[in-house]
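In what follows, a structure is listed as structure tokens, so that the remarks can point back to it.
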Amino acid sequence: MCLSVFVVKMKCLLNDYGQAMTTKPLPTQKLRRICNPARLKFKSTDDLAVLDNIIGQPRALRAIDFGIGVRGPGFNIFVLGPGGTGRMTTVEHFLAKHAAIEPTPSDWVYVHNFKDPLQPRAMQLSAGRARQFKQDMQRLLTRLQSDLPPAFEAEAYQRAASQITRELDEARTTAFEQLDAKARLRGFTPARSDQGFFMAPIGPSGQAATPEELAAMPPEQRAKLEEARLDVEDQLKATLRSIRVHEQRASGQLLNLDRRTALWAIAPLLDDLINQYRTDCPEAAEYLEEVRIDLVDHVADFKDGDDNPATGHSANAANAPDSMTRYQVNLLIDQSDTRGAPVVVETNPTFMNLFGRIERDIRLGENVLDFTMLRPGALQRANGGYLVLQAQAVLKDINVWEALKRTLNNRQIVIEDPGSQLQMFSTRTLESEPIPLNVKVILLGTPGLYYDLYDSDEDFQRLFKVKADFASIMERVPATERAYAHFVRARCDEHGLPPFDAGAVAQIVEYGSRLAEDQKKLSTRFGDVADLVIEAAHWARSNHPTQVMAGDVRQALQERRYRSNLIEQETQEVIIDGMIRVQVAGEVVGQINGLSVIEYGDYVFGQPSRISARTYVGRSGLIAIEREAHLSGRIYNKGVLILDGYLGGQYAVEQPLTLAASISFEQSYSEIEGDSASSTELYVLLSSLANLPIKQGIAVTGSVDQHGQVQPVGGVQYKIEGFFDVCQARGLTGNQGVMIPASNVRNLMLREDVVEACAQGKFHIWAVDTIDAGLKLLTGVKAGRRGKGGKFTRDSVHARVEARLKSIADDLDGGRKEREDEMGEEKDEKNENNSEETRNRRRQRK
């Protein structure tokens, strides 16, 4: 035997041996990674310290730390990650620690704008001073209401006011006496009615004539009076003008007297108050000077002695504050009890909850507005600190999202009515002075939402420059297993639960790997882990209330599954009853059991489905019935096209691929998606072409590439368990199992009952990395390889498939040749007939 032939045969033997080795079932230690309680190095969680560390999120913590520390426009934070990974807990914990060492921001108040009452004035005071300022203003008003009225009742004021009044009365009396003397010479005297003063003719009695006396006068006398009437009325008008001048002068004198009296009375009160705020709150001192001027201008309100601010008199319109309200202080933000920077978590970010609101009051049927009706929102409360929001809640109202971006861009907060930017017609409302904004906004959302906003919203990219990405899994190493134990300890302390022994914590750790679907990882969805801790403690109370043990955790998982698996149970019953045909024993050509994953809410389970293939003579190619019926998704369709690529590369080496075949998911009436069954479809197609039966006790999952490499898929542990439950219900034979991609072995964290059945040899899990290895297991026939001559191994699966494809091509080519021969014979016969007719015509002509 020559060396080259020997080498070829040895390679074939080694390849066959390698295929045989890959078809051995996986050992049980590869089906579930066990956590050894002894490695945890404690007997009970009571032996552990209560730690409040953040577990498994180094990248996110570093990003949050950077986002909090960096100063600059737009460095707000978007925390993204799946729910239950502790995003909110982590953010609150981190902010509480950092905010405590930061300076406390200023207080903010709104006060009356004396120039425009509908534009309230915002005023900033140092932390804790706003409450004192409000109290000081209230005390000032109380003192003014008690001290001012007596000032106007003092003897000096009364004497000066009486002098002014007396002088006015004397001037008025003198003017009318002079007017009366002049008018009597013309037969008139001044008189007064409800309409005012007028000049009346003098009667016989020397007083204003009555209508009867006027009628009895001779015509000549009445004519004379009429001639004089215009002149005396002009004299009356001149006199009244003179009196009005005296009255105005007196009014001015009285007003000046009131102002001097008020200034004298309020000076001691206001001067002391202004001096208190002049140094650290100069804006408040400036406002108090404006109050002094306005008090003097409205001193009449205090002369009335009305000490009820709600009913004080005012010369303003209904939408202006009353006489006492105008001097009150609207304490918007009070940081008196705040230590460090504020941290506000707004769980319901409506427009008013986020940006503040303007309250309304109805007085005498009219809408009354004043600065005391302004109320703060979360942004005002968080100013100078941190505001935490759920992104999805913010985006529920596009007006809220647009207003938030506008506020962050402008770096100022305005309290306004919701939708005011969209109103077609303006309405009378308050236009409060904007407050400068210095806040760090932290949005929490899913990765999908983050990337959607980043791609579609330019403002988002500019305003949220820091991304804190929370991972859903972390490495499973002794340190993280120990961290799980400390997490359980903290939950026991938080909820008053009995301690967990090491075995129970080990079960929790294994559950963490099952959630992660990876033997080398642990889930960071600590919300789900915490729920299991609470549920296990509940079941432990009825078993052994002093401690939670491993059996309690198992019971909690079993009870949880029982509460949620009604749909799974009903689906399995339909399969077991034969309504949906799934064979788990025997061998069938062109039929195989595929596996799929079904999710209903928080429950996931696997389900077997029968896949069949038929091949026949024709050139229609590979037809996927689901694709033709529009019951498939794009990824599934891609998987079908990959099958075409595999078939062409494997069998169309020397001749074109000639094939007519159909593949179908039998008794499937809903849309299917994904390529996890592409290897399964390839196996059943090759079975039909090679006319080799497939073992029905073996279900298959895995995708495939064009070179026949089996690729990993998702949900493999749920698929295995779904097929196991069906086999167990029909009776385990010891020949049943599931074939999975070799790269999915690390994803196995199977239920303990499945692992136990595999340990007893009643069920098996095989891992393959190529289609060739899977064919040997499913059919019992070697897949075969091409030798130097280009031929596959004799009687191998590939050799049979190639022979079948060649047969189809030959049948098609043979049929074509027969048709061509028949057409040739018909043509010859026709030509012969034509020649005979030509000879006959020639004979006739002769």
Being open to solvent by less than 20 Å² (accessible area, probe 1.4 Å) and among the hydroxyl-bearing types (Ser, Thr, Tyr): is that true of SER664 here? yes
Residue satisfying condition, being touching a residue at least 12 places away in the same chain (Cβ under 8 Å), surrounded by fewer than 18 Cβ atoms within 10 Å (Cβ to Cβ) and in contact with a strand residue (DSSP E or B) (Cβ under 9 Å, 6 or more places away or on another chain), within set LEU80, LEU61: LEU61
Output for Cβ contacts, cut-off 6 Å, separation at least six or different chains, first residue open to solvent by 80 Å² or more (accessible area, probe 1.4 Å) in the stretch 36-52, second of a type in the set (Val, Ile, Thr) and outside any loop (DSSP other than H, G, I, E, B), reads none
Of the residues that make up the stretch 104-119, is at least one assigned to a helix (DSSP H, G or I), out of contact with any helix residue (DSSP H, G or I) (no Cβ under 8 Å at 6 or more places or on another chain) and either over 20 Å from LEU437 (Cβ atoms) or open to solvent by 50 Å² or more (accessible area, probe 1.4 Å) (or both)? no
Tally of residues being open to solvent by less than 60 Å² (accessible area, probe 1.4 Å) and either assigned to a helix (DSSP H, G or I) or farther than 22 Å from HIS112 by Cβ (or both) across the stretch 351-382: 11
Taking the condition touching a Leu at 6+ places or on another chain (Cβ under 8 Å), at pLDDT below 85, assigned to a helix (DSSP H, G or I) and open to solvent by less than 70 Å² (accessible area, probe 1.4 Å), does LEU148 pass? no
Answer from GLU570, GLU599 - the residue that is assigned to a strand (DSSP E or B) and open to solvent by 40 Å² or more (accessible area, probe 1.4 Å): GLU599
Taking the stretch 171-195 and the residues there that are among the aliphatic types (A, V, I, L, M) and open to solvent by 40 Å² or more (accessible area, probe 1.4 Å), the one that is nearest to LYS237 (Cα to Cα) would be ALA181
Anything in the stretch 572-597 that is of a type in the set (Val, Ile, Thr) and touching a strand residue (DSSP E or B) at 6+ places or on another chain (Cβ under 6 Å)? List them, or say none. VAL582, VAL588, VAL589, ILE592, VAL597
Would you be able to say whether some residue in the stretch 133-142 is touching a strand residue (DSSP E or B) at 6+ places or on another chain (Cβ under 8 Å), part of a helix (DSSP H, G or I) and open to solvent by 80 Å² or more (accessible area, probe 1.4 Å)? yes
Exclusive hit being more than 16 Å from PHE176 (Cβ to Cβ), without any contact (Cβ under 8 Å) to a residue 24 or more places away in the chain and in contact with a strand residue (DSSP E or B) (Cβ under 6 Å, 6 or more places away or on another chain), set ALA216, ALA223, ALA209: ALA209
Residue check, VAL296 open to solvent by 70 Å² or more (accessible area, probe 1.4 Å) and either in a helix (DSSP H, G or I) or free of Cβ contacts under 8 Å to residues at least 60 places away in the same chain (or both): no
When the residues of the stretch 230-284 are filtered to those that are loosely packed, with under 12 Cβ neighbours inside 10 Å and outside any helix (DSSP H, G or I), which remaining residue is nearest to the chain's Cα centre (by Cα)? ASP280
Just to confirm my filter: which strands (runs of 3 or more DSSP E) fall fully inside the stretch 439-552 and include at least 2 residues that are surrounded by fewer than 21 Cβ atoms within 10 Å (Cβ to Cβ) and of a type outside the set (A, V, I, L, M)? 466-469
Here the residues within the stretch 784-807 that are touching a Phe, Trp or Tyr at 6+ places or on another chain (Cβ under 9 Å), within 30 Å of VAL716 (Cβ to Cβ) and buried (at least 22 other Cβ atoms within 10 Å of the Cβ) are GLY784, HIS798, VAL801
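Condition check ((1) of a type outside the set (A, V, I, L, M); (2) at pLDDT below 85; (3) under 30 Å from ARG357 (Cα atoms)) across all residues:
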| site | (1), (2), (3) |
| --- | --- |
| LEU125 | no, no, yes |
| ALA130 | no, no, yes |
| ASP136 | yes, no, yes |
| PHE152 | yes, yes, no |
Those residues that are more than 15 Å from the chain's Cα centre (by Cα) and of a type in the set (Gly, Ala, Ser), I need them from the stretch 440-499; list them, please. SER456, ALA468, ALA471, SER472, ALA479, ALA483, ALA485, ALA490, GLY496
When both residues are 6+ apart or on different chains and their Cβ atoms are under 6 Å apart, which pairs have a first residue that lies in the stretch 695-721 and is under 20 Å from LYS776 (Cα atoms) and open to solvent by less than 10 Å² (accessible area, probe 1.4 Å), and a second that is among the charged types (D, E, K, R) and not in a strand (DSSP E or B)? THR701/LYS719; SER703/ASP675
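The values are calculated or read from the model by the stated rules, or taken from the named source; none is laboratory data. Bear in mind the structure is a predicted one, so any value in this text is a computation, not a measurement. Don't worry about glycine lacking a Cβ; one is built from the backbone with ideal geometry, like all the others, and counts go over all protein chains shown. Only protein heavy atoms, including side chains, enter the accessible area calculation; ligands, DNA and RNA are left aside. Shrake-Rupley method; radii C 1.70, N 1.55, O 1.52, S 1.80 Å.
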